[in-house]
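Remarks on the structure that follows.
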Amino acid sequence: MIDSSPAITSDLERQRTWPRPAFLIPVVLFLVIGVALGWGLTRNPREIPSALIGKPVPDFALPPVQGRTLGLSAADLRGEVSLVNVFASWCTACRAEHPLFMRLSRSGGVPIHGLNYKDRPADAAEWLDTLGDPYMRTGAGLDGRVGIEWGVYGVPETFVVSADGTIAYKHIGPVTPEALNETILPLVEQLRSTGQGSPP
């Protein structure tokens with residue numbers, strides 16, 4: 001004879017009513033991942049904050065890229081507002097922004113220095129020889145260590161450096177005419193006008 005007492009019936013109902021915690025874990029994880037992905041899609045990847053903004057450039061000294069005579073060091077970034085462009089011959093986006101830097105270099109509006117990132121020396125030299133060299137100085141960061149010290153996420157990246165060697169701005173990704181004319185060059189002029197564009 002089956003015992004259908006109220007206690008047994010109540011236990012059976014609770015088992016049917018309350019899902020087990022093990023079944024809730026995948027649901028919770030799915031919701032968390034969905035929220036994180038949704039938030040990430042609303043972010044502009046070029047607006048990732050840099051911990052180095054407002055701080056002196058890292059202390060570094062790089063030899064020149066093959067075929068060039070001037071390397072790049074922290075000391076070279078003091079004295080006037082300048083741009084530091086992190087590039088590589090294997091970087092497709094670097095090729096896209098390169099004509100813009102060539103035009104900017106010819107205009108003489110602001111000095112541009114190059115930080116060649118994890119490149120083979122012969123490839124970097126050929127790239128600059130073929131596409132043109134817009135840089136006043138070009139440091140060869142063969143092992144990527146200096147790029148890491150600059151907080152580089154990937155190439156290309158471009159930094160605005162004030163005359164006292166402070167990093168004022170970081171642009172992630174290829175520089176576009178809009179970014180150059182609406183953000184980078186106005187900042188260069190602002191730094192110059194506020195006395196941060198020339199040495200004391």
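The values are calculated or read from the model by the stated rules, or taken from the named source; none is laboratory data. In this text, all values refer to a predicted model and were calculated from it rather than measured experimentally. Note that each Cβ is placed from the backbone with ideal geometry, even for glycine, and that neighbours are counted across all protein chains shown.
Of all residues in the stretch 106-126, those that are modelled with pLDDT of 95 or more have Cβ atoms under 6 Å from Cβ atoms of residues that are part of a helix (DSSP H, G or I), 6 or more apart or on another chain, in Val110/Val188; Ile112/Phe101; Ile112/Ser105; Asn116/Ala124; Tyr117/Gly147.
Residue under question is Leu52, and the condition is that it be over 20 Å from Asn181 (Cα atoms), at pLDDT 95 or above and assigned by TED's automatic domain parsing to the domain that holds Pro121; does it hold? No, not satisfied. Annotation note: Cβ proximity below 7 Å between a residue of the stretch 165-190 that is free of Cβ contacts under 8 Å to residues at least 40 places away in the same chain and a residue that is aliphatic (A, V, I, L, M) and surrounded by 15 or more Cβ atoms within 10 Å (Cβ to Cβ) (sequence gap 6+ or interchain) occurs for Leu187/Val160; Leu187/Ala168. For the stretch 51-77, a tally of residues being under 20 Å from the mean Cα position of the chain (by Cα), surrounded by fewer than 18 Cβ atoms within 10 Å (Cβ to Cβ) and not in a strand (DSSP E or B) returns 8. Here is the figure for the stretch 96-143: residues that are within 13 Å of Asn85 (Cα to Cα) and either among the β-branched types (Val, Ile, Thr) or not assigned by TED's automatic domain parsing to the domain that holds Val160 (or both) total 3.
Filtering the stretch 147-160 to residues that are closer than 17 Å to Cys94 by Cβ and of a type in the set (Val, Ile, Thr) leaves Val152, Val155, Thr158.
The criterion of at least 3 residues that are surrounded by 21 or more Cβ atoms within 10 Å (Cβ to Cβ) and of a type in the set (Val, Ile, Thr) is met by the following strands (runs of 3 or more DSSP E) wholly inside the stretch 104-200: 157-161.
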